[in-house]
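> Please see the structure below; I have some questions.
The values are calculated or read from the model by the stated rules, or taken from the named source; none is laboratory data. Everything quoted here is computed from the prediction, not taken from an experiment. Methodologically, a virtual Cβ is constructed for each residue, glycine included, from the backbone with ideal geometry; neighbour enumeration extends over all protein chains shown.
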There are 2 protein chains.
Amino acid sequence: MLPDSERAVTSADKTFLLLRKDIVEGVIASGSKLSEAELAANYLVSRAVIREAINRLESCHLVERKANVGARVVNITTDGLMEIYQVRAALEGMAARLAATNMTGDEIADLKKLLGTHFQIVKNGENYYQEAGDLDFHYRIILGSKNNQLISMLMESIYHLIRMYRVQLGMSGPRVTMAFDEHKQIVQAIENRDAELAEILMRRHIMYSRDNLHKKLSGSLNSEAKAG
Amino acid sequence: MLPDSERAVTSADKTFLLLRKDIVEGVIASGSKLSEAELAANYLVSRAVIREAINRLESCHLVERKANVGARVVNITTDGLMEIYQVRAALEGMAARLAATNMTGDEIADLKKLLGTHFQIVKNGENYYQEAGDLDFHYRIILGSKNNQLISMLMESIYHLIRMYRVQLGMSGPRVTMAFDEHKQIVQAIENRDAELAEILMRRHIMYSRDNLHKKLSGSLNSEAKAG
DNA sequence: TTTCACAATATTGTCGACAATATTAGCATT
DNA sequence: AATGCTAATATTGTCGACAATATTGTGAAA
């Protein structure tokens, strides 16, 4: 059973999830305006629930609202993605540090098992890393930090933002090149309860990925400064 | 003139700010239920604007909502404050790192000037550090990071949360013991454009403060694990 | 032709009423 | 008396209408 907070019970919950999905996957284009009336018609709900959904999207930093003007999906820029990765490095680095102390033996064993399945995939000649598997790896460490503030920041806003970028920039899918060895090192550090090293390795892992993205994107996307 | 995002233009804006003030200052007790009807009557607005305000308070992690049940002000616990400080250390450490690279010469000069006025205060025999001054110092470095994601996370949620704890635990006011030397070191690192050191020092500065709080609070406040 | 003012339109903000859900109170049964 | 069911009450969720604000379009003056 899902935890109480994750289950969509109310109409606004469902609409929020639908809207988030459509934004993340680009069905609603980045930068486009969100008309309350229009959305209410499309999603077959009243403006009130659309407004509540939009408010929550704003909390995730997926849309920006201006009073008496309306909401727009955030613009995708290289700079924006780089900023997010910088924050991610700081937070997930700390998560790895805390996980090294706070994960139980069982949780670490599970993590190693996950790593084993990933190794099988790599060994079997498939030279890619499933995105889902990568996410699973990171999720476990984030949850392993046992810090609810950290968990909610990463899971409720940053990860959806990143997914939006990945999907819309075509960086998603199975061709993601793997960093299996980096994952292995991180798990080893956690198993050794070496918090300091776990943080350093996790941060480096994320910053490598950031540099990769930067290389692929430089030139292909404007990195304009935000206009007033 | 205030930036567009800071000006409260709509009724929901104003109510949000009022409610936040009252929660942070303990006028509305931590753990207490927020009845929409009651608040609507007290603040002389409709339930719709109360609901919007509560939604925003939830984004700040100041209240928690449960579908069809209602919203409660978050509970204050030692563990909670420790968690927040851990996140703060990670984010502000990163902010200091980025500030060392991204602050302009003028901004650094201003920061040094601010440090000078603090030195005057300390030298003049007042053995305390004004809380406002401390905040001002941290704000400048956060803004100096030039990372909007980082800025919004720290300014829009973490800092209000911390202030709530400080006010309600009586840790506020002018008796805050100063860490002038630590501030000085941090500024020096930024001036030297030593990003690595700036981060280490800022993180240590915050973790010292965290340990201080922990000592003062241990025993005086329950640190129960969150129930179901 | 350009620019400014003003009217017309469209969009967001706010409200009160009703629907759906949770909580409480009372009663019957064991 | 304790437990479980049902009805009554209270609270949150949703809706459509109206108010307030922004945007657009039109026309007059320079």
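> Taking the condition more than 16 Å from DNA strand D (Cβ to nearest atom) and part of a loop (DSSP other than H, G, I, E, B), does A:Ile76 pass? Outline the logic, then answer.
Numbers: more than 16 Å from DNA strand D (Cβ to nearest atom): yes; part of a loop (DSSP other than H, G, I, E, B): yes.
Yes; evaluated as a whole, the condition is true for this residue.
> Taking segment B:71-82 as the region of interest, how many residues are within 16 Å of DNA strand C (Cβ to nearest atom) and surrounded by fewer than 20 Cβ atoms within 10 Å (Cβ to Cβ)? Show your work before the answer.
First, the residues of segment B:71-82 that are within 16 Å of DNA strand C (Cβ to nearest atom): B:71-72.
If we keep only those that are surrounded by fewer than 20 Cβ atoms within 10 Å (Cβ to Cβ) too, we end up with B:72.
Residues that pass the stated criteria total 1.
> Considering only residues that are over 19 Å from A:Leu57 (Cβ atoms), assigned to a loop (DSSP other than H, G, I, E, B), more than 10 Å from DNA strand C (Cβ to nearest atom) and within 14 Å of chain A (Cβ to nearest Cβ), which ones fall in segment B:15-70?
B:Leu62
> Shifting gears a bit: Determine, yes or no, whether B:Leu44 is under 19 Å from the mean Cα position of the chain (by Cα) and among the aliphatic types (A, V, I, L, M).
Details: under 19 Å from the mean Cα position of the chain (by Cα): no; among the aliphatic types (A, V, I, L, M): yes.
So B:Leu44 does not fit the description; no.
> Looking at A:Ala29, A:Ala67, A:Ala89, which one is among the aliphatic types (A, V, I, L, M) and more than 22 Å from the chain's Cα centre (by Cα)?
On the way: A:Ala29 fails: more than 22 Å from the chain's Cα centre (by Cα); A:Ala89 fails: more than 22 Å from the chain's Cα centre (by Cα).
Only one candidate qualifies: A:Ala67.
> Continuing with the same structure: Are any of the residues in segment B:104-121 surrounded by 14 or more Cβ atoms within 10 Å (Cβ to Cβ), facing chain A (nearest Cβ under 9 Å) and free of Cβ contacts under 8 Å to residues at least 24 places away in the same chain?
no
> Being touching a Leu at 6+ places or on another chain (Cβ under 9 Å) and either not aliphatic (A, V, I, L, M) or not in a helix (DSSP H, G or I) (or both) is the filter here; which residues of segment A:98-117 pass it?
Taking segment A:98-117 and keeping what is touching a Leu at 6+ places or on another chain (Cβ under 9 Å), we get A:98-100, A:103, A:107.
The answer is A:Met103, A:Glu107.
> Related question: Pairs, please: C-beta under 7 Å, at least 6 apart or cross-chain, first residue modelled with pLDDT of 90 or more and in segment B:1-21, second of a type in the set (Ser, Thr, Tyr)?
Every condition considered, the pairs that remain are B:Thr15/B:Tyr43; B:Leu18/B:Tyr43.
> Quick check on A:Thr15: is it crowded, with 20+ Cβ neighbours inside 10 Å and within 16 Å of DNA strand D (Cβ to nearest atom)?
Numbers: crowded, with 20+ Cβ neighbours inside 10 Å: yes; within 16 Å of DNA strand D (Cβ to nearest atom): yes.
Yes.
> Here is a further query. Given the conditions (1) over 27 Å from B:Arg210 (Cβ atoms); (2) away from DNA strand D (no atom under 11 Å from the Cβ); (3) among the aliphatic types (A, V, I, L, M); (4) within 14 Å of chain A (Cβ to nearest Cβ), and given that B:Met82 satisfies all but one, which numbered condition is not satisfied?
(1)
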